[in-house]
């Protein structure tokens, strides 16, 4: 495990414009790779946009895992030796899924279906019932989940206990009012999840008002001590943040001579 | 349930000086009550200090739950109609406990024994094996746990699911280096715990270098949206922070038309 060059590309997908969204994602991936990134994280539902008018529009934007978006990311990963994590509106036959894929030079490594759906997503998507996958890669062990999943500490804990060094989370965080000078609560929870588990978390958010919805645009890369290594962006425009991450640091769960954040758990008392 | 006037009294106990520590706590309680507080939270191990040289010193500082510290707090609670939460070094017969008590005008309501011990505490204390208690009070439902317990999201979840409106946590957070302009990671995790569970959390920390150990002094009161209502203090001197808390807000777990932070949990997938 060497130092991992990680980038998150905050983008502004437009609902119902998959070809345009795919081109924007491609351009961001290429630019991040040109700047040295080897692990690239993209937002949730980056092919489709988010604020669907109805189920028909969601379905019209969806594509299977062997469709053009994942195909293009796989080709880029192979050509440039990248690992790409991004969110797609997935056509899974009779149902649609809010999915995050991990692709690398070997192609599609895993597809995770969002298990906790936010608000109107439940009108369009079938929730997943599988835990966040952890993939062994050349960089270390990488896991993924999607947006609202992050709000459940039990869910963040699962890939950490399964050995994840880095959790990559595509997000579309709708913006809520917050006090001046406060970090978004979504970012705070990512910081806490990273430090509680002593793992890296990269959350890649979106920007760009869509049908009246604004976004936190809080793209952030957090280290295992819970402090941001890059971001939070908190600017409402496409931007790429980057950090070099010693993922091996996430293998050290000791925090004092006698403490270890995993060994100190008392799961028999948590039921 | 009306608005609760809450105060946290950050103090600087001195190890091995229980009479002095008790007097300092008493003075802080009286001053906070004079200023209008009705719920008063004190630090961890406020009767004993923290950095014990050895087990004999810890035992010499310990007292039973019917000892002078809890007795004094009970008398003050009765006289002034207060609810007091504070940490005591407890003589529990053959073992010592790192305990948090809740007292009100009816006397000792509950004693919680810290279940997750930090570093050298395991040399002196027997960990508890009971979940954080939730006490029905005139102000609302109040729970307590101690310091390092807060670092386990599963543990914070338990009293929240049991209906706690306010979690009061005596702490002694040893200070670690952190990047400039960053909030202490301990405070960030309290913010996340509050917002993940939509409950109030009051963490009362200590200050005052003790045998070479410095403290975060990060006393903070956080609302159910995860933002501080008072603090974090982050000054290394005794200080009282206060906030008026509409504890009924913690009964509202809905966060969108279709979401509820408890109902959206999928515990069958968390095992």
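Listed here are the residues, each with its yes/no results for (1) in a helix (DSSP H, G or I); (2) away from every other protein chain (no Cβ under 12 Å); (3) in contact with a helix residue (DSSP H, G or I) (Cβ under 7 Å, 6 or more places away or on another chain); (4) surrounded by fewer than 24 Cβ atoms within 10 Å (Cβ to Cβ).
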residue	(1), (2), (3), (4)
B:100	no, yes, no, no
B:103	no, yes, yes, no
B:112	no, yes, no, no
B:127	no, no, no, yes
B:131	no, no, yes, yes
B:139	no, yes, yes, yes
B:156	yes, no, yes, no
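With the structure loaded, tell me whether residue B:79 is outside any strand (DSSP E or B) and more than 22 Å from residue B:145 (Cα to Cα) or whether it fails that test.
Values: outside any strand (DSSP E or B): yes; more than 22 Å from residue B:145 (Cα to Cα): yes.
Answer is yes for this residue.
Kindly evaluate residue B:169 against the criterion of being modelled with pLDDT of 95 or more and part of a loop (DSSP other than H, G, I, E, B). Before the answer, list the steps.
Details: modelled with pLDDT of 95 or more: yes; part of a loop (DSSP other than H, G, I, E, B): no.
Taking the combined requirement at face value, the residue does not satisfy it.
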Any hit, segment A:175-197, residues being touching a strand residue (DSSP E or B) at 6+ places or on another chain (Cβ under 6 Å), assigned to a strand (DSSP E or B) and within 13 Å of chain B (Cβ to nearest Cβ): no
Qualifying position, being under 16 Å from the mean Cα position of the chain (by Cα) and more than 13 Å from chain A (Cβ to nearest Cβ), among B:204, B:234: B:204
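Give A:242, A:248, A:263 a once-over and let me know the one that is surrounded by 19 or more Cβ atoms within 10 Å (Cβ to Cβ) and at pLDDT 95 or above.
Details: A:248 fails: surrounded by 19 or more Cβ atoms within 10 Å (Cβ to Cβ); A:263 fails: surrounded by 19 or more Cβ atoms within 10 Å (Cβ to Cβ).
None of the others qualify; the one that does is A:242.
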Residue match in segment A:72-86 (condition: in contact with a strand residue (DSSP E or B) (Cβ under 8 Å, 6 or more places away or on another chain), surrounded by 23 or more Cβ atoms within 10 Å (Cβ to Cβ), under 20 Å from residue A:210 (Cα atoms) and at pLDDT 95 or above): yes
Whichever residue in segment A:207-228 is touching a residue at least 60 places away in the same chain (Cβ under 8 Å) and within 13 Å of another protein chain (Cβ to nearest Cβ) and, among such residues, is surrounded by the most Cβ atoms within 10 Å (Cβ to Cβ): A:220
Any hit, segment B:117-124, residues being out of contact with any strand residue (DSSP E or B) (no Cβ under 9 Å at 6 or more places or on another chain), surrounded by fewer than 20 Cβ atoms within 10 Å (Cβ to Cβ), more than 8 Å from chain A (Cβ to nearest Cβ) and not in a loop (DSSP other than H, G, I, E, B): yes
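Of the residues in segment B:52-65, how many are part of a loop (DSSP other than H, G, I, E, B) and crowded, with 16+ Cβ neighbours inside 10 Å? Break it down into steps so the answer makes sense when it comes.
To start, the set of residues in segment B:52-65 that are part of a loop (DSSP other than H, G, I, E, B) comprises B:52-54, B:62, B:64-65.
Narrowing the set further to residues that are crowded, with 16+ Cβ neighbours inside 10 Å leaves B:52, B:62, B:65.
Of the residues in that region, 3 qualify.
Among the residues of segment A:249-271, which ones are facing another protein chain (nearest Cβ under 10 Å) and without any contact (Cβ under 8 Å) to a residue 12 or more places away in the chain? Outline the logic, then answer.
As a first pass, look at segment A:249-271 and keep what is facing another protein chain (nearest Cβ under 10 Å): A:255-259, A:261, A:264-271.
Matches in segment A:249-271: A:256, A:257, A:258, A:259, A:264, A:265, A:266, A:267, A:268, A:269, A:270, A:271.
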Residue count, segment B:88-98 (criterion: crowded, with 16+ Cβ neighbours inside 10 Å and over 14 Å from residue B:170 (Cβ atoms)): 3
Residue count, segment B:143-157 (criterion: over 12 Å from the mean Cα position of the chain (by Cα) and over 16 Å from residue A:264 (Cβ atoms)): 1
Residues located in segment B:141-154, provided they are in a loop (DSSP other than H, G, I, E, B) and away from chain A (no Cβ under 11 Å): B:145, B:146
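The values are calculated or read from the model by the stated rules, or taken from the named source; none is laboratory data. For clarity, every value in this text was computed on a predicted model and none was experimentally measured. Cβ atoms come from the backbone with ideal geometry, glycine included; neighbour counts cover every protein chain shown.
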